[in-house]
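Let me begin by presenting the structure, written as structure tokens, before commenting on it.
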Amino acid sequence: MATAIPTQVVIFGASGDLTARKLVPALFSAFHQGHLPGGTQLIGVARRPWDDNGFREHLAQTVGKPTEHPRWAEFLGGVHYVRTHLDTAEDYRELARALDAAAPGPVNRVFYLAVKPELFLPSVAHMHAAGLLTQDGTNGPRRRVVVEKPFGADLGSATVLNQNLLGLLGEDQLYRIDHYLGKETVQNTLVFRFRNALFEPLWNQKYVELVQITVGEAIGMENGRGGFYDTAGAARDILQNHLLQVLALVAMEAPSSMQAKDIRDEKVKVLRALRSLDGLDARKHIVRGQYEGYRAEPGVDPQSQTETYIAARAYIDNWRWGGVPFLLRTGKHLPARFTSVKVQFRMPPHTLFGGPDECHLRPNAITLRIQPNDGIDITFDVKEPGQGLVIQPAKLNFDYAGRFQKATPDAYERLLIDVINGDQALFIRSDEIEQSWRWTDSLRARMRETPLHLYGRNSWGPFAGDELFGECEGRWVQG
Ligand code: BG6
């Protein structure tokens with residue numbers, strides 16, 4: 001890892017929304033907290049006819065709060081702009097010259113592709129041809145490329161994209177981002193599981209009855225996303241990536257170290273063990289929905305069959321999880337934005353309280369609240385004080401905000417710092433991407449055999465969603 005030398009962070013798509021909303025605020029935050037090597041630069045790349053000042057002016061108008069910080073002007077000193085047409089080979093040679101000219105000496109470079117997915121491969125091919133990806137030996141300055149999602153649209157396209165990209169640069173240079181992996185609580189999943197002797201012994205099919213994971217959103221098609229979203233749908237937009245990444249961390253075996261290879265080896269085993277939905281009864285495993293009014297959204301086909309809600313009952317066919325349902329759900333226009341993992345434990349083997357045939361509400365669950373109100377809840381039953389035996393639920397809860405009086409860094413900040421430091425642990429390897437598409441493709445193929453339920457905005461999605469739970473297995477959590 002060559003972290004001592006500065007990095008030029010080159011953002012392709014510098015005039016876009018992601019740059020203004022996430023990337024620049026994240027870099028600025030890392031900068032003013034001293035997390036970046038001195039001399040680190042941000043180089044914006046786009047088609048607009050700006051110079052450095054024009055780009056700085058654009059940032060001043062679009063980035064928001066960070067521009068009020070006393071160190072913003074100092075940060076801007078390291079901000080440059082190179083006008084580049086991404087389909088023009090000569091422009092990349094010019095970019096190479098401009099980057100050399102701006103560099104204070106030897107630099108690492110991170111090329112962040114915040115552009116449309118169809119531009120990933122052509123831009124990397126042009127960078128390669130212009131010599132921008134060439135690295136000297138193992139100790140020389142590093143050249144790294146960050147690729148946003150979506151990475152492919154199915155297994156076939158993701159595999160071809162992997163092959164083509166890996167013909168131009170090494171896997172160690174390629175950072176496939178899933179910003180969920182940068183969220184504190186997602187990372188905390190590994191600490192919670194593998195640092196505490198208390199929970200891990202119970203974390204398997206012997207004690208766990210069911211796991212449910214939700215990525216719920218209150219928003220819909222804001223920021224003109226209708227056109228893109230209508231070609232993607234909830235299964236591709238969130239389930240294939242964010243949901244399956246959270247599932248992998250919840251279900252993986254302990255890695256032998258926190259090195260990227262060991263973590264990714266374990267995650268990919270989980271993804272590989274996900275049972276394909278081929279040959280299963282689609283209606284018992286998949287529920288899809290579309291919120292009312294979706295077809296009238298700008299950019300959306302008035303006859304669209306695209307799902308804005310998807311719920312699935314998945315199984316991980318391995319020793320630890322054999323037979324345990326993993327219920328996955330995501331939807332737009334739900335009543336709240338919340339992401340959580342609820343691990344529900346079995347009833348004790350012998351029922352002392354209540355009849356054996358009663359469909360008890362399971363007393364024991366661990367809920368990892370990923371966002372908002374990050375934290376962890378543990379529930380159990382207690383005896384209510386007084387005569388007789390009245391049993392009541394109780395809860396222990398841990399809140400990040402209460403325990404640590406400091407702001408949680410944005411996911412992008414953590415991930416950008418990791419790329420700058422050359423740590424790939426929180427990025428997705430090619431085989432992980434392919435395995436998650438393999439399963440998602442099987443789901444999407446079967447999904448078409450299920451009805452597309454309409455659901456009201458601000459509701460918890462189709463009622464049919466709860467039918468994925470078996471008798472006595474409970475139901476979806478609501479916020
Ligand atoms: C993106 C999806 O990857 O994640 C969006 O494309 C979604 O549709 C977003 O809104 C959710 O991210 P977060 O961090 O707000 O939960």
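The values are calculated or read from the model by the stated rules, or taken from the named source; none is laboratory data. These numbers come from a predicted model, not from an experiment. Glycine also receives a Cβ, built like all others from the backbone with ideal geometry; neighbour counts cover every protein chain displayed. Ligands, DNA and RNA are stripped out before the accessible areas are found, and what is left, the full protein with its side chains, is counted by its heavy atoms. Shrake-Rupley method; radii C 1.70, N 1.55, O 1.52, S 1.80 Å.
Solvent exposure of the chain amounts to 44 Å² per residue of accessible area, where only protein heavy atoms count and the probe is 1.4 Å.
Each of residue 222 and residue 276 was given a label point 7 Å from its Cα along the Cα-to-Cβ line. The distance between the two points is 4.0 nm.
DSSP assigns beta bridges within the chain; of those with both partners inside it, close to 55 percent run antiparallel.
For the chain, the longest principal axis of the Cα atoms and the long axis of helix 89-102 meet at an angle of about 80 degrees. Note on residue 259 and residue 378: the extension gain reaches 39.9 nm, defined as 0.36 nm multiplied by sequence separation minus the Cα-Cα distance. Working note: 222 nm ellipticity from helices only, DSSP H runs with n ≥ 4, each -39,500 (n - 2.57), summed and divided by the residues of the chain, gives -8500 deg cm²/dmol to the nearest 500. Straight-line cross-link reach from residue 65 at under 17 Å between alpha-carbon atoms covers these lysines, not counting any fewer than eight positions away in the same chain: 22. Remark: spin-label model distance residue 431-residue 350 equals 4.6 nm, labels positioned 7 Å along the Cα→Cβ axis. In plain terms, the chain from residue 163 to residue 204 could stretch by 11.2 nm, reckoned as 0.36 nm per residue minus the Cα-Cα distance.
With kT/(6 pi eta Rh) evaluated at 37 °C and eta = 0.692 mPa s, and Rh the Kirkwood radius from Cα pairs, the chain diffuses with a coefficient of 136 µm²/s according to Stokes-Einstein.
Convex hull volume of the Cα atoms of the stretch 338-433, normalised per residue: 172 Å³. Using C-alpha pairs under 8 Å with a sequence gap of at least 6, the mean separation divided by the residue count of the chain gives a relative contact order of 19 percent.
Take the solvent-accessible surface of the protein heavy atoms, probe 1.4 Å, and return the percent of it on the chain that carbon and sulfur atoms account for. List each step's numbers first, then the result.
Working: 11260 of 21240 Å².
The C+S portion of the solvent-accessible surface of the chain is 53 percent.
Annotation: extensible slack from residue 197 through residue 90 equals 32.7 nm (criterion: 0.36 nm per residue apart, minus Cα-Cα distance). Three principal axis extents describe the C-alpha atoms of the stretch 331-385; from largest down they are 41, 24, 21 Å.
By the compact-protein rule of thumb, 2.2 N^0.38 Å, the alpha-carbon radius of gyration of the stretch 7-148 corresponds to a ratio of 1.00.
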